[in-house]
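Note sheet for the following structure.
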Amino acid sequence: MKPYSTEGTGKETLIYQHTPSIDQQKVDDLFFELQKWHRSNESRLNRIKYSIRRKVAQRNLEQSQHYRSEMEEYNIKFRELNVKFKEWKIKESERVSQLKIVLPQELQPIYDVLCKLEE
């Protein structure tokens, strides 16, 4: 802080003399004390943030591994069911192909007309 300051111009210029009301050393001591307190709090905050990030990363890893194992089990079951379904489909199509359709005599003329339309 400057000990003297001016205000205005020309003959209306006012000169002020400033004298500090508190010793400069006390101000500096308080500033450094507050700065030290701030840095210690910032350090604690950074440790807390790091701890949280580490725990989140660990949890994400665990969940990712759990998801992979569940997905592998699902894929295995899906493949097994798909194989069973294909086997059933083949057996069922064979069973259905061996069935014979018996038409009543009354519907035979309609069937003959439909067969001719297909040709």
Between Val83, Val96, Val56, Val102, which is among the hydrophobic types (A, V, I, L, M, F, W, C), at pLDDT below 95 and open to solvent by less than 100 Å² (accessible area, probe 1.4 Å)?
Val96
If you go through Thr13, Thr9, the only one that is out of contact with any strand residue (DSSP E or B) (no Cβ under 9 Å at 6 or more places or on another chain), surrounded by fewer than 10 Cβ atoms within 10 Å (Cβ to Cβ) and polar (S, T, N, Q) is Thr9
Which of the numbered conditions does Val102 fail, given that it passes all the others? Conditions: (1) out of contact with any Pro (no Cβ under 9 Å at 6 or more places or on another chain); (2) in a helix (DSSP H, G or I).
(2)
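The values are calculated or read from the model by the stated rules, or taken from the named source; none is laboratory data. Values in this document were obtained by computation on a predicted structure and should not be read as measured data. Cβ atoms come from the backbone with ideal geometry, glycine included; neighbour counts cover every protein chain shown. What goes into the accessible areas is simple: the full protein's heavy atoms, side chains included, and nothing from ligands, DNA or RNA. Shrake-Rupley method; radii C 1.70, N 1.55, O 1.52, S 1.80 Å.
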